[in-house]
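Each remark here refers to the structure printed beneath this line.
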Amino acid sequence: MSAPSSFDEFLDGIWKQNPIFVMVLGMCPTLAVTVSAINSISMGLATTFVLAASCLLVSLLRSAIPKQVRIASYIVIIATFVTVVDYAIQAISLDLYEALGAYIKLIVANCILLGRAEAHAAKNPPLPATLNAFGMGLGFTLGLLAIGSVREILGAGKLFGLSLFGPHFQPWVVMVLPPGGFFVLAGWLIVFAAFRHISIKRNAQLGGVQS
Amino acid sequence: MNNDTVANILLTTILPGNFVLAMFLGMCPFLGVSQKLSTAVPMGIATAFVILVASLSAYFLNMLLVHYHLEFLSVITFITVIACAVQLVEMFVKKTFPELFRQLGIYLPLITTNCAVLGVALFQTARQYNFIQSLAYSIGGGIGFTLALILMAGLRERMQLSNVPTLVQGAAISVVLGGLLSLSFMGFAGIGGGE
């Protein structure tokens, strides 16, 4: 069996192991900041940066960190990069900083980060670790964008702040309120489950024909 | 300085501003440990205790950080303190309730990365609560988290008896349940002054 190529690892995070729809990780920011598409993208990119940077560092230091204190070390590394991102966003756009609020700092507590550091970066050389983390981050961003755009279209009748349906559209306000987050996420989960169901069925049929 | 009264903060964090259902903090244990009532209750209490400890230490730490103008270190110090508090609870549970320790499994150390715990520390700093207000905020948050977890566990125990379509089984149905709970908690809006 050949080792998976780096590019495969990159794609893994986007589709096969998508952190939101397949692994159901990192739910707090997924539901909290996805009230609009632009918020979702910025949150996703911020998480991607923290994920890639901390995985790179964890991977570089993987032989230097003693096993007993590894979780604590990973958390400190992650917290450092989160602080960097926090101040960077504050400097770039104050509006965005206020919209995302404390959820930028809460990237520290995102299960995806610690999960990746522990399960992948700590066991792999820097290049594949970073690529994998980058793929995961992009997968996370895409997931957030999928939820965020549906919520913005239904709840405000807009996409990226542009009005879609004209002034007579009656917004479905509950979609931008907390329950809407749950419902849209559930909808996407069902769509993904349906995809998986169909592909399993097709594989079973193909297998039946061949044998 | 924030002028919310103690009763106001308590009621708001338990009902309309519930950490799990309105602010989406602590979703992982909410979806992960809510299969059975018997594990949901101790998990809620353990988390509530960690929230209380984390909030108190974060309050004093923040005073120290502000005094030395080191606010940029807040995330790093808070998370370290929380990790220590979780370690303490883990040792205590392992010693006194070994059976429970096995049932909770990986989710006990994962309280460290529970957003609710870090969230309390960050939000109370952001809203400039004084000591009593922070205390009320953390107690209310803990009760609210436990309440949401117990309600969810009760619902999921009922779900085992019902016929769920294959496509919706697993995470999707739990998320839908969470949405319905969240919708019903919206009905409390206005209690405690509202936000």
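Key figures for this structure:
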item	result
Filtered residue count, region A:193-205, keeping only those that are surrounded by fewer than 17 Cβ atoms within 10 Å (Cβ to Cβ) and within 13 Å of chain B (Cβ to nearest Cβ)	7
Hits in region A:141-184 (condition: outside any loop (DSSP other than H, G, I, E, B), more than 23 Å from the chain's Cα centre (by Cα) and within 14 Å of chain B (Cβ to nearest Cβ))	A:V173, A:V174
Test: residue in region B:149-170 that is in a helix (DSSP H, G or I), within 8 Å of another protein chain (Cβ to nearest Cβ) and crowded, with 18+ Cβ neighbours inside 10 Å	no
Any hit, region A:157-164, residues being among the small types (G, A, S) and under 25 Å from A:F21 (Cβ atoms)	no
Subset of region A:14-49 [in a helix (DSSP H, G or I) and more than 25 Å from B:G32 (Cα to Cα)]	A:A37, A:I38, A:N39, A:I41, A:S42, A:L45, A:A46, A:F49
Close pairs from region A:31-42: first within 13 Å of chain B (Cβ to nearest Cβ), partner part of a helix (DSSP H, G or I) and basic (K, R), Cβ under 7 Å, at least 6 apart	A:T34/A:R151; A:V35/A:R151
Residue pairs meeting the criteria (Cβ under 6 Å; at least 6 apart or on separate chains; first farther than 22 Å from A:Y74 by Cα and within 14 Å of chain A (Cβ to nearest Cβ), in region B:56-78; second among the acidic types (D, E) and part of a helix (DSSP H, G or I))	B:L65/B:E71
Matching residues in region B:79-127 - criterion: being more than 9 Å from every other protein chain (Cβ to nearest Cβ), surrounded by fewer than 21 Cβ atoms within 10 Å (Cβ to Cβ) and either of a type in the set (V, I, T) or not in a helix (DSSP H, G or I) (or both)	B:V81, B:V89, B:V93, B:T96, B:F97, B:I106, B:R127
Tally, over region B:27-36, of residues that are at the interface with another protein chain (Cβ under 7 Å from one of its Cβ atoms) and surrounded by 24 or more Cβ atoms within 10 Å (Cβ to Cβ)	1
Failed item, numbered, when B:T5 is tested on (1) closer than 15 Å to B:I191 by Cα; (2) buried (at least 19 other Cβ atoms within 10 Å of the Cβ); (3) of a type in the set (S, T, N, Q)	(2)
Test result for A:L114, more than 11 Å from chain B (Cβ to nearest Cβ), in a helix (DSSP H, G or I), at pLDDT below 90 and closer than 18 Å to B:A116 by Cα	no
Within region A:53-76, considering residues that are among the aliphatic types (A, V, I, L, M) and buried (at least 23 other Cβ atoms within 10 Å of the Cβ), the one modelled with the lowest pLDDT	A:I75
Residue list for region A:124-136, restricted to those being assigned to a helix (DSSP H, G or I) and farther than 25 Å from B:I111 by Cβ	A:P126, A:L127, A:P128, A:A129, A:T130, A:L131, A:N132, A:F134, A:G135
Qualifying position, being crowded, with 17+ Cβ neighbours inside 10 Å and at positive phi, among A:G143, A:G26, A:G135, A:G101	A:G26
Whichever residue in region A:117-132 is within 22 Å of A:T83 (Cβ to Cβ) and within 14 Å of another protein chain (Cβ to nearest Cβ) and, among such residues, is surrounded by the fewest Cβ atoms within 10 Å (Cβ to Cβ)	A:E118
Close pairs (7 angstrom Cβ cut-off, 6 or more residues apart or separate chains): away from every other protein chain (no Cβ under 14 Å) in region A:52-78, of a type in the set (D, E, K, R) anywhere	A:C55/A:R116
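Conditions (1) assigned to a loop (DSSP other than H, G, I, E, B); (2) over 24 Å from A:G143 (Cα atoms), marked per residue:
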{"residue": "A:R62", "(1), (2)": "yes, yes"}
{"residue": "A:I71", "(1), (2)": "no, yes"}
{"residue": "A:V76", "(1), (2)": "no, yes"}
{"residue": "A:A79", "(1), (2)": "no, no"}
{"residue": "A:D86", "(1), (2)": "no, no"}
{"residue": "A:A91", "(1), (2)": "no, yes"}
{"residue": "A:E98", "(1), (2)": "no, no"}
{"residue": "A:G101", "(1), (2)": "no, no"}
{"residue": "A:E118", "(1), (2)": "no, no"}
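The values are calculated or read from the model by the stated rules, or taken from the named source; none is laboratory data. Fair warning: this is a prediction, and the values are worked out from it, not measured in the lab. Note that each Cβ is placed from the backbone with ideal geometry, even for glycine, and that neighbours are counted across all protein chains shown.
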